[in-house]
Amino acid sequence: DELIEDDDTPVRWFRTNMLKTNTESLLREFSHLKKVDSLKEIMSPGVIYHDEYIPNLFGIHPKEKLTSTDAYKQGRLIIQDRASCFPAQILNPVPDKDKVIDACAAPGNKTTHLASLLRNSKRSIVAFEKDNKRIKTIRMMCEKAGGLDCITIHHADFTTTRPADFPEITGMLVDPSCSGSGIFGRAFDEQEEISDEEAKEKLAERLLKLSSFQYKIVKHALSFPGVRQVVYSTCSIHDEENEGVVKKLLEDPDVQQQGWKVSNRADVLPTWPRRGHPDAFEGLSNKEELAEGCVRTIPKVDGGIGFFACSFERDQGNQGVSK
Ligand code: SAM
């Protein structure tokens, strides 16, 4: 749910759409920009930064011309916040091998990122979206990205799907509705000002509702028989929606019986410095390790929206079919 045209954006991020071009060709269209080596050097238009964490992702000054370029209009590049690129990169599906579900897909940023990573492998992505309006947006976005050969879009509630109907699926992204508190200019600034008790109570109630839904939808994803990895993400800064949901899942006997664990830092953007909050895993013996397995971003400070992502994985021996 990213605001791509927010004036407050410290950096505008875009990635190469591998379905239509490659990074070398795309960069030729931006050869008038001077390459810089760090985010800090994006002080004014005229420069471009090649990200060190997400392959084929670039940062430019928000005032740089982008939406008026042919590359944007013709879908050779896709504007997407850096942190929002974390989930597909963490899942890192293998072309001609993996088949994946994007459980909460519209407007389709992560779906088209998956398609780019899967190099458009035929029918390799199933995307679910339940909202009547947003389903139109994702259709348009996937078409513009040239991804309709590999993406099958279902206008449906993911929680009503039957896991046994999808034995071929090996990986999943679950990026459900959240408070959006990591998106600056919106809820985040409001949260900062919350001081009175009534507002605090209201927020707690809202977070409880959201986190129950998030728990339910991820639990459903974890019950698909062939799935080896599920990446859970939010654009929330609240522990309740992030580590809190992960902790509840780890404590769930069904999830334990299915053999799921949180992936280690080594498999989750290991060089990204900002990790999860250990205290939110209080009561679990390996809380430090679990937190290390999660990634977080702080709004603006980390060059974009506030975000959380973590990966669940299980071994070949448990439940599912082999990848
Ligand atoms: N992943 C998207 C992207 O990167 O472009 C953003 C997803 S947004 C945070 C959450 C989406 O999930 C919303 O469009 C919402 O309508 C959809 N959604 C919520 N509950 C759902 C459900 N049970 N089944 C399918 N979609 C759902």
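The values are calculated or read from the model by the stated rules, or taken from the named source; none is laboratory data. This structure is a prediction, so every number in the text was calculated from the model and none was measured. When we count neighbours, we look across all protein chains shown, and the Cβ atoms used for this are built from the backbone with ideal geometry, even at glycine. Accessible surface areas use protein heavy atoms only, side chains included; no ligands, DNA or RNA. Shrake-Rupley method; radii C 1.70, N 1.55, O 1.52, S 1.80 Å.
Observations on the model:
- Loop-resident sites, the range 223-323, for GluC sites (Glu not before Pro), counting at most 15 other Cβ within 10 Å (DSSP): Glu251, Glu282
- In the chain, a dipole from Cβ-located charges (positive for Lys and Arg, negative for Asp and Glu) runs towards its positive end, and of Asn17, Gly108, Ile60 it is Asn17 whose Cα lies farthest in that direction.
- Taking a straight Cα-Cα cut-off under 18 Å and skipping sequence neighbours fewer than 8 places away in the same chain, the lysines within cross-link reach of Lys40 are Lys63, Lys300.
- Just so you know, the averaged projected area of the alpha carbon convex hull for the range 56-117 sits at 4.9 nm².
- Of the solvent-accessible surface of the range 16-140, computed with a 1.4 Å probe and all protein chains present, 48% belongs to carbon and sulfur.
- Within the chain, the percentage of alpha carbon pairs spaced more than 31 angstrom apart rounds to 29%.
- On a per residue basis, the chain carries 46 Å² of accessible surface, using protein heavy atoms and a 1.4 Å probe.
- Note on the range 7-77 and the range 223-300: Cα centroid distance 31 Å, given to the nearest whole angstrom.
- Size-normalised alpha-carbon gyration radius of the range 199-323, reference 2.2 N^0.38 Å: 1.06
- Where Rh is the Kirkwood radius over Cα pairs, Rg/Rh for the range 232-281: 0.98
- For Lys209, the lysines whose Cα falls under 20 Å of its own Cα, not counting residues fewer than eight places away in the same chain, are Lys130, Lys200, Lys219, Lys247, Lys248.
- Average Cα contact separation per residue, the chain, under 8 Å, 6 or more apart, as relative contact order %: 17
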